[in-house]
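The values are calculated or read from the model by the stated rules, or taken from the named source; none is laboratory data. Remember, predicted model here, so these are calculated numbers, not experimental data. Heads up, the Cβs are rebuilt from the backbone with ideal geometry, glycines too, and the neighbour counts pull from every protein chain shown.
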Amino acid sequence: MDWQWLRRTVCSGLSALCLAGAGFGLSACGSNPAVPSAQDVSDAANAQVEEGEARRRARIRLELASNYFDQGKTVVALDEVRQVLVADPSFAEAYNLRGLIYMRLDDDRQAEEAFKRALALSPRDSNVLHNYGWMLCQRKRYSEASEAFNQALNNVLYGDKAKTYMAQGLCQARAGQKAEAERNLSKAFELDAANPITSFNLSVLLYQRADLTRAQFYIRRLNNSEYANAESLWLGIRVERRLGDRVAMQQLAEQLKKRFPQSRELMSYERGAFDE
């Protein structure tokens, strides 16, 4: 699929970051707790401020790295992440972005190491679990990918479940688990009906098993939106053809000719290769 924002929809870079105030305890000596001096309290408070300031600076730098990553400046982004981790080696989100960067560089070993380090620091972070699951899926490690996706979805506080249901559905379709893929893509659609990747792939699965009326519903929604492309129009043409709606089929074909005159989908249409 040539959706321009596929990567950033499936893969999440930086989730919302929040800082928890670090507390400190009083050590006991015998049966009587030691009472800290004013200087002890001041030193501890200053340490907290410095730790918070270090994380704040790391977060700003990590946002810069994420922007470079989104712009395709992968090497620059990786260098920024390295500097973040020098300043704050316990920053799980930095390892998460590092994993995404190494995924883009096709360095499986370092990508996996980065995601595992992020999860060691933040075991229930659903954004990291989602990204790790997607990496595993890309490497055809489907069972492990499913486990990571399920762990992400089991977090009741996770607010981006539509994305993970979609990614899991895409992964299951790739693995040949079409019933499971349809189920998870349907869940993704229920949570985010505007996502074109979900609509397209759900329609593909329904078309493949000849559930044409439902396939028509999803692909028509997509083709009536700003996200229609050559692939979606071509799928719409094939769905309408099998349903016998020649008028709708011709309208879609005219759009394909006008908007994507050099596309391979138009070439397939002109050859009459509807079942390829």
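Would you mind finding the one in Ala175, Ala181 that is touching a Gly at 6+ places or on another chain (Cβ under 6 Å), touching a residue at least 24 places away in the same chain (Cβ under 8 Å) and small (Gly, Ala, Ser)? Spell out how you get there, then give the answer.
Working: Ala175 fails: touching a Gly at 6+ places or on another chain (Cβ under 6 Å).
Of the residues listed, the single one that is touching a Gly at 6+ places or on another chain (Cβ under 6 Å), touching a residue at least 24 places away in the same chain (Cβ under 8 Å) and small (Gly, Ala, Ser) is Ala181.
Could you tell me which residue of the stretch 38-65 is nearest to Arg82 (Cα to Cα), considering only residues that are at pLDDT 75 or above and not hydrophobic (A, V, I, L, M, F, W, C)?
Here is the first cut: in the stretch 38-65, the residues at pLDDT 75 or above are 52-65.
Restricting the remaining residues to those that are not hydrophobic (A, V, I, L, M, F, W, C) gives 52-53, 55-57, 59, 61, 63.
Details: Gly52: 19, Glu53: 18, Arg55: 14, Arg56: 16, Arg57: 14, Arg59: 13, Arg61: 10, Glu63: 13 Å.
Looking at the filtered set, the residue picked out is Arg61.
Out of the stretch 192-216, which residues are among the hydrophobic types (A, V, I, L, M, F, W, C), surrounded by 16 or more Cβ atoms within 10 Å (Cβ to Cβ) and out of contact with any Leu (no Cβ under 8 Å at 6 or more places or on another chain)? Working first, answer last.
Narrowing the stretch 192-216 to residues among the hydrophobic types (A, V, I, L, M, F, W, C): 193-194, 197, 200, 202, 204-206, 210, 212, 215.
Pick out the ones that are also surrounded by 16 or more Cβ atoms within 10 Å (Cβ to Cβ) and you get 197, 200, 202, 204-206, 212, 215.
Within the stretch 192-216, none qualify.
Right, Ser66: out of contact with any strand residue (DSSP E or B) (no Cβ under 9 Å at 6 or more places or on another chain), assigned to a loop (DSSP other than H, G, I, E, B), over 23 Å from Ala188 (Cα atoms) and in contact (Cβ under 8 Å) with a residue 12 or more places away in the chain or not? Show your work before the answer.
Values: out of contact with any strand residue (DSSP E or B) (no Cβ under 9 Å at 6 or more places or on another chain): yes; assigned to a loop (DSSP other than H, G, I, E, B): no; over 23 Å from Ala188 (Cα atoms): yes; in contact (Cβ under 8 Å) with a residue 12 or more places away in the chain: yes.
When the stated conditions are applied, Ser66 does not pass them.
Sort out which residues of the stretch 231-243 are within 24 Å of the chain's Cα centre (by Cα) and free of Cβ contacts under 8 Å to residues at least 40 places away in the same chain, and write them in order of number.
First, pick out the residues of the stretch 231-243 that are within 24 Å of the chain's Cα centre (by Cα): 231-232.
Passing the criteria: only Ser232.
Report, by residue number, each residue of the stretch 97-111 that is touching a Leu at 6+ places or on another chain (Cβ under 9 Å) and assigned to a helix (DSSP H, G or I).
Of the residues in the stretch 97-111, the ones touching a Leu at 6+ places or on another chain (Cβ under 9 Å) are 97-98, 101-102, 105, 111.
Matches in the stretch 97-111: Leu97, Arg98, Ile101, Tyr102, Ala111.
Return the residue satisfying two criteria in turn: it lies in the stretch 234-276 and is in a helix (DSSP H, G or I) and of a type in the set (Ser, Thr, Tyr), and of such residues it is surrounded by the fewest Cβ atoms within 10 Å (Cβ to Cβ). Please lay out each step first, then the result.
Applying the first criterion (in a helix (DSSP H, G or I)) to the stretch 234-276 yields 234-243, 246-259, 264-271.
The next check asks that each one be of a type in the set (Ser, Thr, Tyr); those that pass are 268-269.
On the way: Ser268: 17, Tyr269: 22.
Among those that are in a helix (DSSP H, G or I) and of a type in the set (Ser, Thr, Tyr), it is Ser268.
How many residues does the stretch 195-215 contain that are outside any helix (DSSP H, G or I) and within 16 Å of the chain's Cα centre (by Cα)? It would help to see each step written out before you state the result.
Kept after step one, since they are outside any helix (DSSP H, G or I), are these residues of the stretch 195-215: 195, 209-211.
Right, trim to within 16 Å of the chain's Cα centre (by Cα) and you get 195.
Total satisfying the criteria: 1.
State all residues of the stretch 92-110 that are closer than 20 Å to Arg56 by Cβ and surrounded by 24 or more Cβ atoms within 10 Å (Cβ to Cβ); if no residue qualifies, say none. Walk me through how you get there before you give the answer.
We begin by selecting, within the stretch 92-110, every residue closer than 20 Å to Arg56 by Cβ; these are 92-98.
If the condition is that a residue be closer than 20 Å to Arg56 by Cβ and surrounded by 24 or more Cβ atoms within 10 Å (Cβ to Cβ), then Glu93, Ala94, Tyr95, Asn96, Leu97, Arg98 are the ones that fit.
Between a first residue in the stretch 101-113 that is modelled with pLDDT under 95 and a second residue that is loosely packed, with under 15 Cβ neighbours inside 10 Å, which pairs have beta carbons less than 7 Å apart while being 6 or more apart in sequence or on different chains?
What qualifies is Asp108/Arg139.
Scan the stretch 117-165 for residues that are in contact (Cβ under 8 Å) with a residue 12 or more places away in the chain and over 27 Å from Asn195 (Cα atoms) and report the count.
Result for the stretch 117-165: 5.
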